[in-house]
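Working notes for the structure below.
The values are calculated or read from the model by the stated rules, or taken from the named source; none is laboratory data. The structure displayed is predicted, hence computed values, not measured ones. Cβ placement follows ideal geometry from the backbone for every residue including glycine, while neighbour counts extend to all protein chains displayed. When the accessible area is computed, the model is the full protein with side chains, heavy atoms only, and any ligands, DNA or RNA have been set aside. Shrake-Rupley method; radii C 1.70, N 1.55, O 1.52, S 1.80 Å.
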Amino acid sequence: KISLENYQTLLGSLFPRWMLHSFIVATATAIGTVLMAAAAAYAFSRFRFKGRRGSLTALLIIQMFPQMLAFVAIFLLLLTIGDIFPVLGIGSLLGLIAVYLGGALGANTFLMYGFFNTVPRELDEAAKIDGATHAQIYWTIILRLVSPILAVVGLLSFISTFGEFIIARVVLQSERNWTLAVGLYGWVSRLLEANWGLFAAGAVITALPVLALFMYLQKYIVGGLTAGAVKG
């Protein structure tokens with residue numbers, strides 16, 4: 001029979017709390033990723049400094065290794081940091097955000113770097129003649145012109161962290177601090193006590209905000225990805 005019982009049960013469980021945690025982590029990570037990758041891409045695109053090519057190559061090599069390969073090292077690192085700064089230790093959402101931001105560069109920087117190269121340098125030179133500093137050029141001119149790639153990177157970062165499971169499961173120990181991916185897995189991880197009805201209902205609700213954000217930003221996706229790839 002058709003019933004909304006599972007959705008009603010979700011409201012009385014920890015599901016709303018898990019969704020709030022996922023929103024906080026994904027939003028903070030997306031904003032941090034955009035700011036960090038944009039700053040790095042601007043530096044690589046506009047400045048010529050010693051070690052520039054080597055740094056780009058290092059980013060390219062590092063991004064070949066998934067962040068989840070280091071989950072043992074991440075666990076031990078947060079365990080040690082937690083003794084000094086508990087707010088960044090195991091079980092902390094802030095610590096999880098810091099881990100995600102640690103892998104924010106790499107592919108995102110290369111994607112933005114290619115897009116930044118499409119912006120004519122003559123704009124920078126004209127602004128310098130008018131007395132603008134590098135910071136003013138970056139914040140008031142460049143970022144407005146590269147808004148499509150900012151939207152793309154922010155969207156991809158939000159989606160990847162919103163549904164990330166492995167690192168979140170390692171870092172977040174308490175059930176009350178779980179994110180959606182970890183919480184939903186907890187409902188079906190025990191074979192004899194698996195609640196597939198709640199899992200399916202939660203999965204449907206979890207997909208809605210990601211779908212809404214994707215539909216809202218889809219006009220930037222094709223242009224941002226193609227322009228960033230062509231001029232890389």
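Can you spot a residue in segment 40-50 that is open to solvent by less than 70 Å² (accessible area, probe 1.4 Å) and under 17 Å from the mean Cα position of the chain (by Cα)? For segment 40-50, residues open to solvent by less than 70 Å² (accessible area, probe 1.4 Å) and under 17 Å from the mean Cα position of the chain (by Cα): present.
For the criterion of being open to solvent by 60 Å² or more (accessible area, probe 1.4 Å), among the hydrophobic types (A, V, I, L, M, F, W, C) and in contact with a helix residue (DSSP H, G or I) (Cβ under 7 Å, 6 or more places away or on another chain), residue 93 fails. Among the residues here, residue 182 qualifies as closer than 25 Å to residue 200 by Cβ, β-branched (Val, Ile, Thr) and in contact (Cβ under 8 Å) with a residue 12 or more places away in the chain. Residues in segment 59-77 that are within 28 Å of residue 110 (Cβ to Cβ) and surrounded by 13 or more Cβ atoms within 10 Å (Cβ to Cβ): 59, 60, 62, 63, 67, 68, 70, 71, 74, 77.
Of the helices (runs of 4 or more DSSP H) lying entirely inside segment 145-188, those containing at least 2 residues that are open to solvent by 30 Å² or more (accessible area, probe 1.4 Å) and closer than 25 Å to residue 77 by Cβ span 166-171.
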